[in-house]
Amino acid sequence: MSIIRRHWIAMIVLCLFVGLGALYSIATPIFEASDELNHYPFVQTLAQGNGLPVQRPDEATLWDQEGSQPPLYYGLAAIVTAWIDTSDMPQLLDLNPHAERGVPLAPDNKNMVIHDRGEQFPWHGTALAVHLIRVFSLLLAAGTVLCTYLLALELFPNRPVIALTAMAVNAFLPMFLFISASVNNDTLVVLLSSVTLLLLVRMLRRGASPVFLLALGVVIGLACLSKLSALGLIPLAGLALVLRYFSRQWPPTLRTMPDGQDSDGGKQSLWPAVWRWARDYMLVLLPVIVVAGWWYWRNWQLYGDPTGLNAMLEIAGRRAVTPGWRQLLGEFQGFRINFWGLFGGVNILMRPTWIYPLLDLLTVAAVIGLVVWAWRVWRPQRFDQWPALTLIAAWIAIVFVALIRWTSSTMASQGRLIFPAISGICLFLALGWLGWLSPRRQQYAALGVGGLMLALALAAPFAAIRPAYARPADLIAASVPADAHRFDVDYGGDARLLAFEVDKERVQPGDEVTITLYWQALRPITDTYSVYVQVFGWQQDLGQHDSYPAGGAYPTDLWAPGQIIRDRHQITIAPDAKGPGPAWISAGLYRFDTMERPEAVDSAGQPVVFPVLAKLALDVPTMTWLPTYPLDANLDNHVKLIGFDAEQNVHPGQEWPVTLYWQSMGPLDKNYTVFVHLVDATGATIAQADGPPLQEFYPTSAWASGEILNDTHTVALPDDIAPGQYRLFVGLYDPVSGYRLPVLDEAGNMQDNQVFVTGVDVTSVP
C-alpha cells in the first residue's frame, strides 16, 4: 500500500497509456502501422516453424528487409500467436497499388492495404494474431514508460514532479503510442535500451556486484538480439564504467571499491582502476556474446557481415548518392514531425497541423530551460549527478549518430528511430521545462505540459488516424444529382460511369480541381479496377490521379450491383503548364496488373475510344505559348494568327514542321481546315499540308474566345524541288464549300484570303 500511496499518479499515467494504446490499436487497421505489413510475415513464418529467413536480394518475400532484423521480438511474438490459424493472411494482405506511402500531403490513398469485413471484430485468424501481438507490444512499451519514471526518480528522488512529467511526455507522445500499439520490433529494443540505461545509472549511484554486471550483460545481449541499434549499448556500458572509476567529480564513497580504500584516502590510482574497469567490462561483455553472439556469427557465415546490413540494404534500397549535411538538415523537418506524430505509412499528419510548430516552440523552450538549469547547478558540491546525466546524453548522441549513418545509406529520416533513447529524451525535456522553476511553478508547468500531451494523444486517433481510413460518409448515392453532367458510358459490362461533376470551369497552373464520378455496378465485379482521371492539354499532361474508388477505400470487387458510388478525385494542375488554352478531362477504368482497359461503349452501343468528359479553360497569367516569329493577321474577326515557328532554310525531301499560333476572337460555327502552302515565284503550290487544327483533336467550333493554340503541320518537301526562293502562305477554309476566311486589315477591309507568313530558302541537300 505504501508503494501505491507514493506512486499513485504514476500508476494512473501508466493505466492511461495502456488505455490510449488500445485506442490507437483499434483506430489503426491491421497492416497500416509503420512497416507492420513486413514485420508480421516474419512473425508468421517463425510461428509456422519455418526457421529464420535467409535474405536474398533477388528473391521477393513478404517480410522484405525486415527479415534481416535480429529475431528476438519476432520469436516472442511467434510464441504468443503460434496457436492461431493464419492461413487467411493472403486475403487480408491485399496491397493498395496506389498507396501514397511517405507522402503526408496526399489527399487520399492513405491505406497501404485494402480492408474488408474479414478483419472486423470479433477477430479471428490473422487479424486476431496481429491484435494479440499489438497487445504484447503495448505491454513492452508500458515497461518503457515505467523505466522513464524510475530513471528520473533515480536522479531526482526529491523532485517527483520531474519524474512524473518525463513519464507523461513518454506515455502521451502520439508517435510513441502509435508504434507501441503495432507489430514492430522497436517496442522491445526501446524497452531493453531503457532498462539498460536505468541499470547503468543505478550502477553509477550505487555500485555494482558481479551478479549485477552479469545481469546487465544479459539485458544488453537481449537488446542486441532485438535490433541493431542496441549495439550502441555496448560502448555505453564501457563509458559508464569509465565514469564510475575515473570521474574525479564522483564522491569518494561511490568511487571506492568494495575491497577497501587506497592509502590516499579514497582516491584510486590509475592502474588498479584500469584493471577493475577491464574486469567489470568483461563481466558485461561475456553474457552479451553468449546471448546474442550466435546470431551475428550466423550473419557472418551467410552474408560475410556480422550485422547483415549489406543484405538489408540490398533489399531496402541504397541511396544513389550519399547525402551531404545540407540534405540531411533538409530531411530534419520530416524527422521531427515523425518524432511527434506521423502515422500510417508515414503519410498521416496530426490535425490541426499547427500542432507541430507549437511542439517545436516547446522543444526550444526545453533546450533553453535545460541550459539555464545546468548553469545554476554547475558547481559540483551542489549537484553530484553529472556523470549520470553525461551518460544519458551520450546515449542520446550514440543513437542519433547511428541514425545519421543509417539514413545516409538508405531513406530512413524518421524521428521514431531515436526512440531507443526515449527515456533520456523525456527526462531532459522535463528537466528543461521544470528544472529551473520554483516548486509551485513546477507543478503548474507539469500540469500544462502533461495536459497538452494527453490532449494530443486523445485527439490523434479521432482527428487523424481513423478518418484517414474511413470511407466517405456520402460514398453511396441514392441517385445522381440533377445538376451532374450525364455521361452513361459502360466499361467492360461491369460498371457504368453515369455522370460527373467538375468544381471549376477555369484553372491556372498549380490550381486544384475536384472531379466527382458517379459509378454504378452493372453486375458483381470480380476484377479490382483502378480508376484514372487525367487532365491534359495539347501536347502536355496537366495532371492525373489514379486510384481505387473512394480514395482507395472501396475497390470495385466490393461493389454491389445497382449501387451508385460517388468517387472524388483531386488533381493539381501542373505548375509549369503552358497556355492559355484548352484542357480536357478523361476518365476510365483499367486493370493495374496488366494496364488493360475494358472496352468502353456509349448508351447507343458505340465504342468510345478515348472517353473525354469535359473541357476546362487553362488560364496562364503570362502567356507561355511564345512564337519565335510574331504576326498579327486577322481572319474575318474570328481568328488571329499571332505567330509561327519554322525553319526558313530547308532542303529537298525534308519533313518540315510549321507551328502556327492561333488565337480565337469569338465562337466559330464551323469546323475549318488549316492550309499550309509553299508557293514558288509563279504562284504554283509546290508542297502543302492541309488538315484540321491540332490533328482533329480540337476542331475550331469548340474554340473558346481568347484561347491560344499552337498547331503544328508537317510539310513534306518533294525530293525534286528546285533550290531557290519560295513563299509560305497559310489560312483557314471550309472543307465543304472551299470558302476561305478573308484576311482583314486594321480598317476591316479584306486584303487577301491567305496570310503570307515568311520567305523560305530551299538549298541542296547538305
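Read-outs throughout are calculated quantities, based only on the coordinates presented, and are distinct from any laboratory measurement. Everything numeric in this text was worked out from a predicted model, so none of it was measured. Cβ atoms come from the backbone with ideal geometry, glycine included; neighbour counts cover every protein chain shown.
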* Net charge near residue 468, counting Lys/Arg +1 and Asp/Glu -1 over other residues with Cβ under 14 Å of its Cβ? -> +2
* Structure fact -> residue 123 and residue 514 label points (each 7 Å along its Cα→Cβ direction) are spaced in nm at 3.5 nm
* Rounded to the nearest 5, what is the percent of antiparallel bridges among the DSSP beta bridges in the chain? -> 95 percent
* Debye, to nearest 20: dipole size of the chain, +1 on Lys, Arg Cβ, -1 on Asp, Glu Cβ -> 6240 debye
* Relative contact order of the chain, pairs being alpha-carbon contacts under 8 Å that are 6 or more residues apart, as % -> 11 percent
* How long are the three semi-axes of the equivalent ellipsoid of region 123-233, in whole Å, if each is the root of 5 times an eigenvalue of the C-alpha gyration tensor, listed from largest down? -> 27, 19, 10
* Structure fact -> Ranking 481, 461, 398 by how far each Cα lies towards the positive end of the charge dipole of region 397-550 (+1 on Lys and Arg Cβ, -1 on Asp and Glu Cβ), the top one is 398
* State, to one decimal in nm, how far the label point of residue 682 lies from the label point of residue 12, with both points 7 Å from Cα in the Cβ direction. => 10.6 nm
* Asked: Could you give the length gained on full extension between residue 83 and residue 410, defined as 0.36 nm per residue of separation minus the Cα-Cα distance, in nm?
  -> 114.1 nm
* Structure fact -> Net charge (Lys, Arg +1; Asp, Glu -1) of residues whose beta-carbon lies under 11 Å from that of residue 339, residue 339 excluded, is +1
* Asked: Kirkwood hydrodynamic radius of region 374-441 from all distinct Cα pairs, in Å?
  -> 13.9 Å
* Given 5 Å bins starting at zero, what is the percent of C-alpha pairs of region 1-93 in each, up to the one with the largest pair distance? -> 2, 12, 16, 18, 16, 10, 9, 7, 5, 3, 1, 0
* Structure fact -> Summing -39500 (n - 2.57) over every DSSP H run of at least 4 in the chain, dividing by its residue total and rounding to the nearest 500, the 222 nm mean residue ellipticity is -13000 deg cm²/dmol
* **Virtual spin-label span in nm between residue 488 and residue 59, 7 Å along Cα→Cβ** => 5.7 nm
* Asked: For residue 540 and residue 756, FRET efficiency with R0 = 35 Å and r from the beta-carbon atoms, rounded to 0.05?
  -> 0.70
* **q = 0.19, 0.23 Å⁻¹: log10 I(q)/I(0) that the Debye formula gives for region 540-601, counting C-alpha atoms only** => -0.92, -1.14
* To do: At 0.36 nm per residue, minus the direct Cα-Cα distance, what do residue 714 and residue 610 gain on full extension? Give it in nm, one decimal, please.
  => 35.0 nm
* Structure fact -> Once residue 246 and residue 279 are pulled to full extension, the length gained, defined as 0.36 nm per residue separation minus their Cα-Cα distance, is 10.4 nm
* **D_trans [Stokes-Einstein, Kirkwood Rh over alpha-carbon pairs] for the chain, 10 °C, 1.306 mPa s, µm² s⁻¹** => 50 µm²/s
* Structure fact -> Mean shadow area (nm²) of the C-alpha convex hull around region 476-618 is 8.5 nm²
* Structure fact -> The orientation-averaged projected area of the Cα convex hull of region 629-762, in nm², is 7.9 nm²
